[in-house]
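Engineer: This is the structure, below, for whatever I ask next.
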Amino acid sequence: MRILVLSSISLGLYKLRKELLWELNRRGHEVYISLPDDECVRPLVQMGCCFVKTEMDRRGTNLIADLSLLYSYYKIVREIGCIPL
């Protein structure tokens, strides 16, 4: 099964969810992480996660930028085939 995890920062994902991601990988699932590139992406990739770089403004309040991010998530889901369309 392909699993997509969306996050705005890798540090929180690594500190709070690394055991879950590791267990999903251990059970044979393809785990994709979609987030901006920063310091904790490398350990997550070394754990077996597939990294999808996603640009976002974590502190922004621009509706157009948020809609653009939503559309990029839609494209990512279609590319990796998480759901049949």
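Engineer: Taking the condition of being over 11 Å from Phe51 (Cα atoms) and in contact with a strand residue (DSSP E or B) (Cβ under 8 Å, 6 or more places away or on another chain), how many residues in the stretch 4-20 meet it?
Structural biologist: Looking only at the stretch 4-20, we keep the residues that are over 11 Å from Phe51 (Cα atoms), and these are 7-9, 11-20.
Going one step further and asking which of them are in contact with a strand residue (DSSP E or B) (Cβ under 8 Å, 6 or more places away or on another chain), we end up with 7-9, 13, 17.
Selection size over the stretch 4-20: 5.
Engineer: Another question about this same structure. Kindly provide the set of residues from the stretch 28-50 that are within 8 Å of Ser10 (Cα to Cα) and under 9 Å from the mean Cα position of the chain (by Cα), ordered by number.
Structural biologist: If the condition is that a residue be within 8 Å of Ser10 (Cα to Cα) and under 9 Å from the mean Cα position of the chain (by Cα), then Leu35, Pro36 are the ones that fit.
No lab work stands behind these numbers, since they all come straight from the coordinates. Since we're looking at a predicted model, the values are computed, not measured. Don't worry about glycine lacking a Cβ; one is built from the backbone with ideal geometry, like all the others, and counts go over all protein chains shown.
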